[in-house]
Amino acid sequence: MLQHGTQLGGKRLRPALLLLSGIAVGSLGPDHIVLGSVVEMVHTATLIHDDVLDEAETRRHVATINARWNEHTSILVGDYLFAQSFRLAATLSSTEACRMVGEAARLVCEGELRQVLARDVLNISEEDYFAMIRGKTAELCRVACELGAKYSGGTEATVEAMGCYGDSLGVAFQIADDFLDLWGDDSTVGKTLGTDIGQGKMTLPLIRLRETVPAPQWNEICKILTGPVDDRLAGAMPFLQKSDARLYTQRVAESFKERAIRSLDCLPESEAKRSLVKLAQFSVDRRF
């Protein structure tokens, strides 16, 4: 069951960020490998729990644990991975990593809770949206980069800069996901388009649409967004296409990508730094 669960992950982005941050700042040691495993376990646990919340049957073209077994099993496997990740982090000589990962896991759960409680709430602000995605997506990227730098002997300023890089990259990545859910291609995304709108999630394009259309038109859109799930995407898309929501979402994602790249100015030139730059570009460019 655990072997199946590990197939649900994709790019192994968070451990890659941790190792690349470590190499870019100094040199790697055995602790980096342990920490890379820890952050990936936490991430995989959140994915397994996400699939229960979303009632998802597949992830990356593989049957989810809740689809192959059941929801009770999924919850327990996710809990098992959380527990194992903290046990593994506690084997390091310092408790600092355990504290940092624990705080990151708390913020991830907080971000997910915010999103669940905000379903079908159409008046959430852009500030609320960023708070949600910073928790559910960006937080583990941030802590991965901070841990990589810290365990390579980085200064406090360097560790902070790497955390800023991870945070900005994670936000850009999630905004691009939200863009792709509306304007992507099924074969590229690996899931059915319109999933977010069907689940009542107010993503950045919809928030921008709300802020830029006249009130009577927004009232008409609200009826679509709270109407039959299967009709929401087709009903909302003409309004989205007429607005600047698509361009605005691209522009905001690009701004976070550029912020991530600027955060790397503190690092000397190296292959690892160039890889981190390419990852920031990849987080957005491949999706638009």
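See the values below:
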| item | result |
| --- | --- |
| Hz values of 3J(HN,Hα) by residue in the stretch 94-99 - Karplus curve (6.51, -1.76, 1.60), Gly and Pro given as x | 10, 8, 4, 5, 4, 5 |
| Under 5 Å, built H, 5+ apart or other chain: amide partners of THR58 | THR64 |
| Mean Cβ neighbour count within 10 Å, used as a protection proxy, ranking 174-182, 233-241 highest first | 174-182, 233-241 |
| Size of electric dipole in the chain: Cβ of Lys, Arg +1 and of Asp, Glu -1, about Cα centre, debye, nearest 20 | 440 debye |
| Degrees separating the helix 71-89 axis from the principal Cα axis of the chain, which is the longest one | 30 degrees |
| Values of log10 I(q)/I(0), in the order q = 0.12, 0.15 Å⁻¹, for the chain under a Debye, Cα-only, solvent-free model | -0.78, -1.17 |
| Residue among VAL34, ALA234, GLY135 farthest towards the positive dipole end of the stretch 2-264, charges placed on Cβ | VAL34 |
| Inter-label distance, nm, simple model (7 Å from Cα along the C-beta direction), GLU96/ASP244 | 4.5 nm |
| For the chain: relative contact order, % (alpha-carbon pairs under 8 angstrom, 6 or more apart) | 21 percent |
| Ranked packing of 113-121, 141-149, most packed first, by mean Cβ within 10 Å | 141-149, 113-121 |
| Folded to 0 to 90 degrees: helix 139-150 orientation relative to the chain principal axis, Cα | 20 degrees |
| Among VAL42, VAL77, VAL171: highest mean-square fluctuation, GNM of the chain, C-alpha pairs under 10 Å | VAL77 |
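Values in this text are rule-based calculations from the coordinates and carry no lab data. The model shown is predicted, which means the values in this text are computed figures rather than measured ones. Methodologically, a virtual Cβ is constructed for each residue, glycine included, from the backbone with ideal geometry; neighbour enumeration extends over all protein chains shown.
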